[in-house]
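Comments concern the structure below.
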Amino acid sequence: MTQQGVRWTADQVLALAPDASTRKAGSKLGVAGPWSEAGSSGEGAMWGLCKGSGSKPYQTIVDIADSAGPAYKCSCPSRKFPCKHALGLLLVWAGADGTVPEGGEPPAWAAEWLAARRKRADSKQSSAAAPAASADPEAARRRAEKRAERITAGATELEQRLSDLLCGGTASAEQMGYGLWEETAARMVDAQAPGLAARVRELGAIPSSGPGWPVRLLEECALLHLLDQGWLHRDRLPEGLAATVRSRVGLPSQPEGPPVRDHWVVLAQYDTADSRLTTRRIWLYGTESGRTALLLSYGAAGRAPALALPVGLALDAEVTGYPGAGQLRVELGEQFAAPTPTAQRPPGVRPEEAVARYGAALRDDPWLESWPVTLAEVIPARTQDVRDARGTRDTQGLQGLQGLQGSWQLADATTESALPLAPSATSRPGLWRLIALSGGAPLTVFGECGHRGFTPLAAWPKDSGETVSLC
Amino acid sequence: MPTNPTPSTSTVPTVPTAPSWDDLVTAALLGTERRALPAIAHTPGKEAPTALLDAAALQTVRRRAGLRAAPAAALPEPAADDPRPPVPPAARRRLATLLTDQPGTGGGGRRGAAPDLMELLPQWLALANVRGYGAPPELLPALLNAARGRTDLRPQALTFAGPRALWLARLNPDWKFALRATPGGGVSLPSADDAPQVQRLWEEGLFAERVALLTTLRAHHAGTALDLLVSTWSTERAEDRLMFLDSLRTGLSPADEPFLERALTDRSRNVRATAAELLSALPESALAGRMSTRAASCVAVDHTSDTPTLTVEAPHECDAGMERDGVTPKPPTGRGERSWWLGQLVEAAPLATWQPRLGNRTPTEIVALPVADDWRSELHAAWCRAAVRQRDVAWSRALLGTPASPDAAGPGAVSLAERAKLLASLPAAERADWVAGFIAAHGLSEAFQLLGVCAVPWAEPLGRAVVDSLNIARDAGSYPWSFSGVMGLAERCLDPSEAVRLEALTAIPDEPENASPGAGGYWSEAFQRLVTTLRLRAAIRDELPPP
């Protein structure tokens, strides 16, 4: 395997940055100036000494061909991952100005780490071949049973709470405020059902979420009820749906089934954060299988998740799916080469087909918020203020979203149909990147299509061009 | 309504008496205690709230699964084509990086060793514009946001951004400034040959459009522009007259004199003063002649003393004629009337007056003459203003003197600010040599203003003088932030090829005895930033080759 001459773009490098300040700091180090003794193995490993403000330069090593995604090591004290020096080194390498010559032997300080990593990857592979032998299957079974009992108690209690709420009427929910829900969510955490706890917490936010909240509250209550019932009757569900219920409730699951090797294009990467956790979502598209897959990676509050993949590049890698019907989530397995640029894009569909796919996916997982789709030949257009922007009656349907003043949609260039953008998407800077990229002409857009509308995540201009990230 | 399938009973055989979604929402809001749905109440074996939740869950999933696409809104008019070639990929990425470095996002305080990317954006834009590249569309929002926050960036940013930026500005009120900054909001001006259209826009256009029209016309058809202005002059408001008059600076010629002479009697004092100023810049004009006579009568060579000496007899009054020709009678607080009037006369008189008047001496010889009775600084300052206004190279050179003279660093007759202006009229190479000489003789602390008027990138001798002086300052043990202004300029103006020579200066020096504590480290940091910035600039230049 050799990757001679295949360099990344700076955009792809910068997409790895854990946050904006590291991106900025790293981009300043992306010039030859501070670097010395830099080199690259030509197989995805690179190293260099970066002059900082101290007398001793930092030792920076990056291995983009690591079997578990890009790996970094730096002697700087930063806890960012990758740090600005690793980004800087990647940028200088991407710049291809000869500062990071290829085909060299790593110096001792880099060779040691690289060798240790490759060795660990090998041993991991061989251990993965043998099934993880649990110490005491009987004890594990008892623990699982115990947990299931607790969740059942939690779900039963939650059913009672929902019942009480609807008995007295949701109109009172506006006054009840957050406290009640927080307490209920805490009970669900005690019941070891984090999935239920998260949904309950969201219920608490709905009454203050603006016009149309009674509709949204009823929907979410109903879906939570459906999940409770699914759990309580899981032994009567088909196995796929039961697995989905288990994972929605919050039981951990392990990826299973045969790994799928493909050239996976990284379509999008974005983070969402709450006070406890940063969740990173990475969308992949397999150019051979035509499959779309989701990688999840988590970081403790305020810290970037460990996995970062460069948007627009393709990975030759194996992924393994998680159980559950219609489940898109996968785990990244072995990577066979460093990510490389690709001109491949997912084929696009029309707006009608996009919503139909979301609808079909709901059959397997009724709790799905959205489904990944690529739209072909769409044009961002501003919707006219067609009706009362308060939309008090029902803003739930896509038609309802149309009524919001100054909102945007992606209109099909040839048919008369369109997908409104989700309200959360219209306040992000990516919206204007999308509009500017289009200039009134059709383009291809990847995003998530759901009942709140379409959230664009990446776009490609009509004639060939690099992936433009909208996250 | 194509969005939601109407939940009609016929399509839902499993719930024969399904209540409508609205009924469910109402029942949920009020509570099943108050409002039980008949259809739900009859569900055997289920509490009313549970039955309601069952029905709502079914409806929710049905509603989501049955969503359909919305009708398309009117499509936007496509943006106009940009015929320029797009910037090469490497340059596009560089621009993206420069644009992410918004001010205020960093740590603040000391600048550290990393370059200030935002300061390189103007250079990047200027170069891209010179090379004739067009902007990458997806970066336009960031570019417009940057230009919104920094008015100094706007002209270059908008030129580079091209027609699609105007298209965007019509969609986003945050970027309205782009429409204002572009004459007519991007509506093209009529061609100069299209007389009826020109006349119409002049008579009916908005003020900004009229200024744009006048300025454009003036650049190529000075006479037509003047005719247009004359045609409506008497009906314009005073502030507008001033702006219009100002546009005559472009392409000023003797043909403008009759009009300007009439403007000397304008009702507005500012208009009168501007007219006088314009006329004095026309050496052949009658006003210039009158001023020449007045000024000449005030200055003479006294041959009675040992060496020829200039004597000055300032005017004793400001008569009506002087006032009409733009002399302001009332001096600012703290200045004598007579020297105030003298200054204005000498400033407005053509410099050609002096050679014949003062014994056929060259400007250099005249400037070298001693001046009696402390009039020297007053007289030389007035000559400086005249040399700047008339862009007279010989007089500028004479007044600047030699850079090494002790006088040059002030506070002599000519201030540094005036020297900077005088320098501006000299050819670029001469300017750079003069400033290099000045720095070699007087050091950096006074050189900031002078460096600002030098051509970028700095010529080699100038760059070397600056770097040598910085090096001397470091060896002297002072802190680099005493020179942060010059450092900042050097980062933007030094020739990028100097980076190699500067490399040695980034090492931390041994601290001399009397050095400020830690200064060596800060200097190393400052030089590191300088070198890194120069390398960035070299990279920027290489990434934007002529297309």
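The values are calculated or read from the model by the stated rules, or taken from the named source; none is laboratory data. Here the structure is a predicted model, which is why all the values come from computation and not from measurement. Note that each Cβ is placed from the backbone with ideal geometry, even for glycine, and that neighbours are counted across all protein chains shown.
Regarding region A:51-74, can at least one residue be identified that is closer than 25 Å to B:TRP523 by Cα and of a type in the set (A, V, I, L, M, F, W, C)?
Checking region A:51-74: not a single residue is closer than 25 Å to B:TRP523 by Cα and of a type in the set (A, V, I, L, M, F, W, C).
Could you look through region A:448-469, keep only residues that are in contact with a helix residue (DSSP H, G or I) (Cβ under 7 Å, 6 or more places away or on another chain) and free of Cβ contacts under 8 Å to residues at least 60 places away in the same chain, and pick out the one that is farthest from B:PRO89 (Cα to Cα)?
Here the residue is A:GLY453.
Find all pairs meeting these conditions: Cβ atoms under 8 angstrom apart; at least six residues apart or on different chains; first residue within region A:150-163 and away from every other protein chain (no Cβ under 11 Å); second residue of a type in the set (Ser, Thr, Tyr).
Close Cβ pairs (under 8 Å, with a partner that is of a type in the set (Ser, Thr, Tyr)) amount to A:LEU158/A:THR184.
Kindly provide the set of residues from region A:413-453 that are of a type in the set (Phe, Trp, Tyr) and within 10 Å of another protein chain (Cβ to nearest Cβ), ordered by number.
Of everything in region A:413-453, just one residue is of a type in the set (Phe, Trp, Tyr) and within 10 Å of another protein chain (Cβ to nearest Cβ), namely A:TRP432.
Filter region A:205-225 for residues that are of a type in the set (Gly, Ala, Ser) and in a helix (DSSP H, G or I); which is farthest from the other protein chains (Cβ to nearest Cβ)?
A:ALA205
Filter region B:311-342 down to the residues that are closer than 12 Å to B:VAL299 by Cβ and in contact (Cβ under 8 Å) with a residue 24 or more places away in the chain, then identify the one that is nearest to the chain's Cα centre (by Cα). Full working, then the answer.
As a first pass, look at region B:311-342 and keep what is closer than 12 Å to B:VAL299 by Cβ: B:311-315, B:342.
Okay, now just the ones that are also in contact (Cβ under 8 Å) with a residue 24 or more places away in the chain, so B:311-312, B:314-315, B:342.
Working: B:THR311: 43, B:VAL312: 41, B:ALA314: 40, B:PRO315: 40, B:LEU342: 34 Å.
Checked region B:311-342; the qualifying residue nearest to the chain's Cα centre (by Cα) is B:LEU342.
Inside region A:190-204, can you point out the residues that are under 24 Å from the mean Cα position of the chain (by Cα) and part of a helix (DSSP H, G or I)?
Of everything in region A:190-204, those that are under 24 Å from the mean Cα position of the chain (by Cα) and part of a helix (DSSP H, G or I) turn out to be A:PRO194, A:GLY195, A:LEU196, A:ALA197, A:ALA198, A:ARG199, A:VAL200, A:ARG201, A:GLU202, A:LEU203.
Name the single residue that is nearest to A:THR340 (Cα to Cα) among those in region A:69-101 being of a type in the set (D, E, K, R) and assigned to a loop (DSSP other than H, G, I, E, B).
Result: A:ASP97.
Any residue in region B:211-224 that's charged (D, E, K, R): show its pairings with residues that are modelled with pLDDT under 85 and not in a helix (DSSP H, G or I) at Cβ separation under 7 Å, as long as the two are six or more apart or on different chains.
B:ARG218/B:THR250; B:ARG218/B:GLY251
Would you check which residues across region A:85-112 are within 13 Å of another protein chain (Cβ to nearest Cβ) and charged (D, E, K, R) and list them? Outline the logic, then answer.
The first filter runs over region A:85-112 and keeps only residues within 13 Å of another protein chain (Cβ to nearest Cβ), leaving A:85, A:87-88, A:90-92, A:94-99.
Within region A:85-112, A:ASP97 is the sole residue that qualifies.
With respect to B:LEU117, determine if the residue is at the interface with another protein chain (Cβ under 9 Å from one of its Cβ atoms), within 20 Å of A:LYS24 (Cα to Cα) and at pLDDT 95 or above.
no
Please specify each residue of region A:221-245 satisfying the condition of being closer than 13 Å to A:GLU159 by Cα and either within 28 Å of the chain's Cα centre (by Cα) or β-branched (Val, Ile, Thr) (or both).
A:CYS221, A:ALA222, A:LEU223, A:LEU224, A:HIS225, A:LEU226, A:LEU227, A:ASP228, A:GLY230, A:TRP231
How about region A:312-347: which of its residues are surrounded by fewer than 20 Cβ atoms within 10 Å (Cβ to Cβ) and either within 14 Å of chain B (Cβ to nearest Cβ) or of a type in the set (Asp, Glu) (or both)?
A:ASP316, A:GLU318, A:GLY326, A:GLU331, A:GLU334, A:PRO341, A:ALA343
So B:ARG93 passes all but one of these: (1) modelled with pLDDT under 90; (2) among the charged types (D, E, K, R); (3) assigned to a loop (DSSP other than H, G, I, E, B). Which condition number does it fail?
(3)
Just to be sure I understand, how many residues within region B:48-98 are at the interface with chain A (Cβ under 8 Å from one of its Cβ atoms), over 30 Å from A:LEU91 (Cβ atoms), out of contact with any Cys (no Cβ under 9 Å at 6 or more places or on another chain) and not hydrophobic (A, V, I, L, M, F, W, C)?
So the answer is 12.
Which condition from (1) touching a residue at least 60 places away in the same chain (Cβ under 8 Å); (2) more than 10 Å from every other protein chain (Cβ to nearest Cβ) is the one that A:ILE379 breaks?
With (1) touching a residue at least 60 places away in the same chain (Cβ under 8 Å); (2) more than 10 Å from every other protein chain (Cβ to nearest Cβ) applied to A:ILE379, the lone miss is (2).
I'd like to check which strands (runs of 3 or more DSSP E) are fully inside region A:246-355 and have at least 3 residues that are of a type in the set (A, V, I, L, M, F, W, C).
Fully inside region A:246-355 and qualifying: A:260-273, A:277-286, A:292-300, A:313-321.
State the number of residues belonging to region B:387-402 that are surrounded by 24 or more Cβ atoms within 10 Å (Cβ to Cβ) and under 19 Å from B:LEU252 (Cα atoms).
Selection size over region B:387-402: 1.
Give me the residue from region A:360-375 that is buried (at least 19 other Cβ atoms within 10 Å of the Cβ) and outside any loop (DSSP other than H, G, I, E, B) and, out of that set, nearest to the other protein chains (Cβ to nearest Cβ).
A:LEU362
Would you please name the residue that is surrounded by the fewest Cβ atoms within 10 Å (Cβ to Cβ), looking only at residues in region B:41-94 that are touching a residue at least 60 places away in the same chain (Cβ under 8 Å) and aliphatic (A, V, I, L, M)?
Filtering first and then ranking leaves B:ALA80.
Could we say that A:GLU174 is more than 19 Å from A:THR152 (Cα to Cα), within 13 Å of another protein chain (Cβ to nearest Cβ) and part of a helix (DSSP H, G or I) here?
It is true that A:GLU174 is more than 19 Å from A:THR152 (Cα to Cα), within 13 Å of another protein chain (Cβ to nearest Cβ) and part of a helix (DSSP H, G or I).
If a residue counts only when it is under 30 Å from B:ALA90 (Cβ atoms) and out of contact with any strand residue (DSSP E or B) (no Cβ under 9 Å at 6 or more places or on another chain), which helices (runs of 4 or more DSSP H) contained entirely in region B:437-547 have at least 3 such residues?
Passing ranges, in order: B:460-475, B:484-493, B:499-502, B:519-543.
Which fully enclosed strands (runs of 3 or more DSSP E) of region A:13-68 have 3 or more residues being of a type in the set (A, V, I, L, M, F, W, C), more than 8 Å from every other protein chain (Cβ to nearest Cβ) and within 25 Å of A:ALA116 (Cβ to Cβ)? Lay out the reasoning, then the answer.
Values: elements: A:35-40, A:45-50, A:58-63.
It comes to A:45-50.
State which residue is nearest to the other protein chains (Cβ to nearest Cβ) when the search covers only region A:126-140 and only residues that are closer than 22 Å to A:GLN192 by Cα and either modelled with pLDDT of 90 or more or under 32 Å from the mean Cα position of the chain (by Cα) (or both).
Here the answer is A:ALA140.
Would you pick out the residues in region B:489-525 that are modelled with pLDDT under 85 and small (Gly, Ala, Ser)? Walk me through it before giving the result.
Here is the first cut: in region B:489-525, the ones modelled with pLDDT under 85 are B:498-525.
Passing the criteria: B:ALA499, B:ALA504, B:ALA507, B:ALA515, B:SER516, B:GLY518, B:ALA519, B:GLY520, B:GLY521, B:SER524.
Return yes or no: is A:GLU288 touching a Pro at 6+ places or on another chain (Cβ under 8 Å) and among the charged types (D, E, K, R)?
When the stated conditions are applied, A:GLU288 does not pass them.
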